[in-house]
Amino acid sequence: LQKVLILLQVTTCVVIGKTLMILFPNAMKRYILKQGEKTRMNENPKFSYENWGPTFFSFKYLLFVLKVKWKRLEDEAHEGHPAPNTPVVTFNGEVRHLFDFMQDNRPLILNFGSCT
């Protein structure tokens, strides 16, 4: 049921967004560029609006957003409940699942860091 509701929500947003892009292209360009400022996409001079702007509200966009939102349904963690068996990527680029790394009754420790 949750996936159907997400499908309806995302499809509605894409149809409305695409319609607005057709009817009001300049206003939508300004809106999308404003959204790009939040993620700092606009700061890269080699990454212009013409490269990524028209992809908004396309069929590929719809499929991507659905995939991400549906995947997030599976990855919810709640205190006192079992952890989700979320996919992880190894240093070799292999996709595994979190529980693949568990051994016997030993606790599994996840360490996140940054090298920037």
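The values are calculated or read from the model by the stated rules, or taken from the named source; none is laboratory data. These numbers were taken from a predicted model, which means no experiment stands behind them. Please note: Cβ atoms are built from the backbone with ideal geometry, for glycine as well, and neighbour counts cover all protein chains shown. We work out accessible area using only protein heavy atoms, side chains counted, and drop any ligands, DNA or RNA first. Shrake-Rupley method; radii C 1.70, N 1.55, O 1.52, S 1.80 Å.
Every condition in (1) of a type in the set (S, T, N, Q); (2) loosely packed, with under 10 Cβ neighbours inside 10 Å; (3) closer than 24 Å to Ile6 by Cβ is met by Asn105 except one, and the failing one is (3).
Within 19 Å of the chain's Cα centre (by Cα) and in contact (Cβ under 8 Å) with a residue 12 or more places away in the chain, is that true of Leu5? First the steps, then the outcome.
Values: within 19 Å of the chain's Cα centre (by Cα): yes; in contact (Cβ under 8 Å) with a residue 12 or more places away in the chain: no.
When the stated conditions are applied, Leu5 does not pass them.
State whether the residues of region 44-55 include one that is assigned to a helix (DSSP H, G or I), open to solvent by less than 60 Å² (accessible area, probe 1.4 Å) and among the aromatic types (Phe, Trp, Tyr).
In the first step, residues of region 44-55 are kept if they are assigned to a helix (DSSP H, G or I); the result is 49-55.
Applying the additional criterion that residues be open to solvent by less than 60 Å² (accessible area, probe 1.4 Å) yields 49, 52-53.
Going one step further and asking which of them are among the aromatic types (Phe, Trp, Tyr), we end up with 49, 52.
Among the residues of region 44-55, at least one is assigned to a helix (DSSP H, G or I), open to solvent by less than 60 Å² (accessible area, probe 1.4 Å) and among the aromatic types (Phe, Trp, Tyr), which makes the answer yes.
Taking (1) open to solvent by less than 100 Å² (accessible area, probe 1.4 Å); (2) outside any loop (DSSP other than H, G, I, E, B) in turn, Lys60 satisfies each apart from (1).
One residue alone among Lys71, Lys29 is basic (Lys, Arg), surrounded by 11 or more Cβ atoms within 10 Å (Cβ to Cβ), out of contact with any Ser or Thr (no Cβ under 7 Å at 6 or more places or on another chain) and over 30 Å from Leu98 (Cβ atoms), and that residue is Lys29.
State which residue is most open to solvent (accessible area, probe 1.4 Å) when the search covers only region 84-97 and only residues that are more than 27 Å from Val10 (Cβ to Cβ) and not hydroxyl-bearing (Ser, Thr, Tyr). Residue satisfying both the conditions and the ranking: Phe91.
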